[in-house]
Amino acid sequence: MAKISSIQDIERIAKEKRDSLFKKPVISISSGTCGQARGSLKIVEAFKRAIYGLEDMVSIKVSGCHGFCSAEPNVIVYPDEIFYPNLKPEHAGKIIHATLKGEPVESLLYREKGNKFAHLKDIPFYREQKRNLLSDNPLIDPTSIDDYIAIGGYQALAKVLNMDPEEVIAEIKKSGLRGRGGAGFPTGIKWEIARKQKEEMKLIICNADEGDPGAYMDRSLLEGNPHRVIEGMLIGAYAIGASVGYVYVRNEYPLAIKNLTEAIRQAHEYGFLGKNILGSDFNFVIKINRGGGAFVCGEETALMQSVEGKPGDPRPRPPYPAEKGLWEYPTVINNVETWANVTKIMEKGAEWFSSVGTDGSKGTKIFSLVGKVKNTGLVEVPMGMSIQELIYKVGGGGQNGKRIKGVQIGGPSGGCIPKELFHLPIDYESLTSAGAIMGSGGLIVLDERTCMVDLAKYFLKFLKEESCGKCTPCREGIERMHEILENITTGKGKEEDIKLLEELASVVKDASLCGLGKTAPNPVLTTLRYFRDEYEAHVNQRKCPAGVCKDLIRYEILEDVCNGCGACLRPCPQEAISGEKRKVHRIDQSKCIKCGICYETCKFDAIAII
């Protein structure tokens, strides 16, 4: 690699790469962490074998996640963008053969609701999104800086180095970009505060400590397009006058760390990191700091403590990090998605970015769409899209005919929103007014088999274990709330418990030191607000309407429905079901452990939850 010293060098490499990219078909294999967990590495090897001797006619590209996780392993064949989901190694030869003939393999195409789709743009999961950031993933090998340059990489940095830092900050402010890590603070204003500080030393941090259960937006961006994040950090560093940056990434993300480490090495070799970047007097280096997996370290002040080698305990604010942060120096902290958006804004302009979204929430937002929904994966949608559209148009609706009753949004500290409010637009203000938060982008779909009391208990259990314990309201308050919920879900709840829960939640929310404690009551407060009848059923009727809380339910076989097929008898782990073939079966309640396997197995609705 030779160092790049000008925008002309960048454009030359980009043109050479682009001109050769689609001279022959390219098969892009989704191989992020989720893809590898579903067998994508076997698919990669199968395609390598299948193109042996045909390399001049077709090529393969091992990319990051394509987003459609429930369709893993999958590939996209360029330039026609033919999409093949849920592949097996034996499919590789068929796809290569068909690709060389210029036609798709009909039997392997994506199907939904009886319809067959060949092209990526026609598949509902992709068609309804606006993938400003995620659309780059299939186009590049994340370990190749040349691939990134080919799609316009580092041209935004070259543009910025010919601007005054104040102009860069003004452009970010004009775009309306707000932090994608949780609170949604205006990015440009944060940068402006740091820029105005008089200290000579200033620092940049990328917060990649993604601790929400089920959330993997930041991980996938780092795995699939690390240079996009590096370039965003470079732009932010130039704007505020920083010379050192840190990526704080949890150690549970080995592929993200591997690809990021390689990207930083390549950026140094090309001269995008180090001294006199692109022939300017701008110097900047990036260091990786591996976090131990403490959820509280996602909070910015606790994160800085951890980087400094101290226990990850939050500290009071003000002063805010932009004024006095890491080692007491002004520090700008933004998360992975925010830094990636910075690059796009400076590449395409503030007006391009702000043309999407609502008045107060500009641009797109990436969500990890999981739970009881057909199409799970990473989705990027315009701010302002309704929850209804996201779940039913992108997500494809509920699973197995079950009724969706709500969503949990914003991670463990987020809130639950009922189906009656699915008309709400997804933006900061609307979600806050409903008692939830945007958070980093975790969105869990809940159906009729979800107990809202049990769900609140689950999140409080997570938060009490992740609390640093520094302040009494959080340490003691979450513990007490969890105890009350434990009593309610085991049939020991009292009527006054519901009022006590609300009072405790208010105290914890108002009196806790950091964001973890202040938002920890959200799951309780929103489930009480929208699903209070479930709490009352648990307390007053000793009944769990969703059939989840084992101490409050039992399974019974309906005599007038059971046809004696035996489907429930065979999988029962306790041999609690008995009965002759074609005769009514029965459950021995003394043996039943209430695992629910019989209920899920029966195809005739002959088993009821009492």
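Structure notes:
Matching residues to (1) more than 16 Å from the chain's Cα centre (by Cα); (2) β-branched (V, I, T); (3) surrounded by 18 or more Cβ atoms within 10 Å (Cβ to Cβ); (4) over 18 Å from T338 (Cβ atoms):
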residue: V160; (1), (2), (3), (4): yes, yes, yes, no
residue: A170; (1), (2), (3), (4): yes, no, no, no
residue: G182; (1), (2), (3), (4): no, no, yes, no
residue: E192; (1), (2), (3), (4): yes, no, yes, no
residue: R195; (1), (2), (3), (4): yes, no, yes, no
residue: D209; (1), (2), (3), (4): no, no, yes, no
residue: A215; (1), (2), (3), (4): no, no, yes, no
residue: N225; (1), (2), (3), (4): no, no, yes, no
residue: M233; (1), (2), (3), (4): yes, no, yes, no
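- Here is the figure for region 467-492: residues that are crowded, with 20+ Cβ neighbours inside 10 Å and either touching a Lys or Arg at 6+ places or on another chain (Cβ under 7 Å) or farther than 24 Å from P418 by Cα (or both) total 9.
- Set side by side, the residues P316, P321, P311 differ, and just one is crowded, with 22+ Cβ neighbours inside 10 Å and over 23 Å from H66 (Cα atoms), which is P321.
- Every residue from region 13-59 that is among the aromatic types (F, W, Y) and crowded, with 20+ Cβ neighbours inside 10 Å: F47
- When residues in region 274-294 are screened for being within 28 Å of the chain's Cα centre (by Cα) and farther than 23 Å from K190 by Cβ, 4 of them pass.
Residue-by-condition table, conditions (1) among the β-branched types (V, I, T); (2) over 30 Å from P473 (Cα atoms):
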| site | (1), (2) |
| --- | --- |
| L260 | no, yes |
| H268 | no, yes |
| R290 | no, no |
| G298 | no, no |
| G309 | no, no |
| I345 | yes, yes |
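- Selection count, region 366-405, where residues are in contact with a helix residue (DSSP H, G or I) (Cβ under 9 Å, 6 or more places away or on another chain), in a strand (DSSP E or B) and on the phi < 0 side of the Ramachandran plot: 11
- Within region 33-65, the set of residues being within 27 Å of P226 (Cβ to Cβ) and of a type in the set (A, V, I, L, M, F, W, C) comprises C34, A37, L41, I43, V44, A46, F47, I51, V58, I60, V62, C65.
- Single residue of region 411-425 satisfying the filter (in contact with a strand residue (DSSP E or B) (Cβ under 7 Å, 6 or more places away or on another chain) and either of a type in the set (A, V, I, L, M) or not in a strand (DSSP E or B) (or both)) that is modelled with the lowest pLDDT: G411
- Single unsatisfied condition, I387 versus (1) among the β-branched types (V, I, T); (2) within 27 Å of C595 (Cα to Cα); (3) in contact with a Phe, Trp or Tyr (Cβ under 6 Å, 6 or more places away or on another chain): (2)
- Considering residues of region 116-138 that are touching a helix residue (DSSP H, G or I) at 6+ places or on another chain (Cβ under 7 Å) and more than 28 Å from G188 (Cα to Cα) only, the residue surrounded by the fewest Cβ atoms within 10 Å (Cβ to Cβ): K121
- The C-beta contact set for region 247-265 (first residue under 16 Å from I205 (Cα atoms), second residue of a type in the set (S, T, N, Q) and surrounded by 24 or more Cβ atoms within 10 Å (Cβ to Cβ), distance under 7 angstrom, 6+ apart or interchain) comprises Y248/N207.
- In region 488-594, counting only helices (runs of 4 or more DSSP H) that sit wholly within it, the ones holding 2 or more residues that are in contact with a Cys (Cβ under 6 Å, 6 or more places away or on another chain) span 522-530.
- Test: residue in region 271-289 that is among the charged types (D, E, K, R), part of a strand (DSSP E or B) and on the phi < 0 side of the Ramachandran plot: yes
- Among the criteria (1) among the hydrophobic types (A, V, I, L, M, F, W, C); (2) touching a Pro at 6+ places or on another chain (Cβ under 7 Å); (3) surrounded by fewer than 20 Cβ atoms within 10 Å (Cβ to Cβ), the one C416 does not fulfil is (3).
- Residue count, region 191-226 (criterion: outside any loop (DSSP other than H, G, I, E, B) and over 19 Å from V168 (Cβ atoms)): 11
- Flag for D9 being without any contact (Cβ under 8 Å) to a residue 40 or more places away in the chain and either within 28 Å of L222 (Cβ to Cβ) or among the hydroxyl-bearing types (S, T, Y) (or both): yes
- Pick from region 236-270, criterion assigned to a loop (DSSP other than H, G, I, E, B) and out of contact with any strand residue (DSSP E or B) (no Cβ under 6 Å at 6 or more places or on another chain), ranking: modelled with the lowest pLDDT: E252
- Within region 125-148, residues that are more than 16 Å from F68 (Cβ to Cβ) reach no partner that is surrounded by fewer than 24 Cβ atoms within 10 Å (Cβ to Cβ) and among the small types (G, A, S) with beta carbons closer than 6 Å at six or more positions or on different chains.
- Filtered by the rule that a residue be of a type in the set (S, T, Y) and part of a helix (DSSP H, G or I), region 133-155 gives S135, Y148.
- Among residues of region 166-195 that are farther than 18 Å from K365 by Cα, those with a beta-carbon under 7 Å from a residue that is of a type in the set (K, R) and part of a helix (DSSP H, G or I) at least six positions away or on a different chain give the pairs I169/R195; I189/K173.
- Some residue of region 446-457 being in a loop (DSSP other than H, G, I, E, B), in contact (Cβ under 8 Å) with a residue 40 or more places away in the chain, under 22 Å from the mean Cα position of the chain (by Cα) and surrounded by fewer than 24 Cβ atoms within 10 Å (Cβ to Cβ): yes
- Residue that is nearest to Y428 (Cα to Cα), among those in region 337-359 that are part of a loop (DSSP other than H, G, I, E, B) and under 22 Å from the mean Cα position of the chain (by Cα): T358
The values are calculated or read from the model by the stated rules, or taken from the named source; none is laboratory data. Predicted model only: the values in this text are computed from it and were never measured. Don't worry about glycine lacking a Cβ; one is built from the backbone with ideal geometry, like all the others, and counts go over all protein chains shown.
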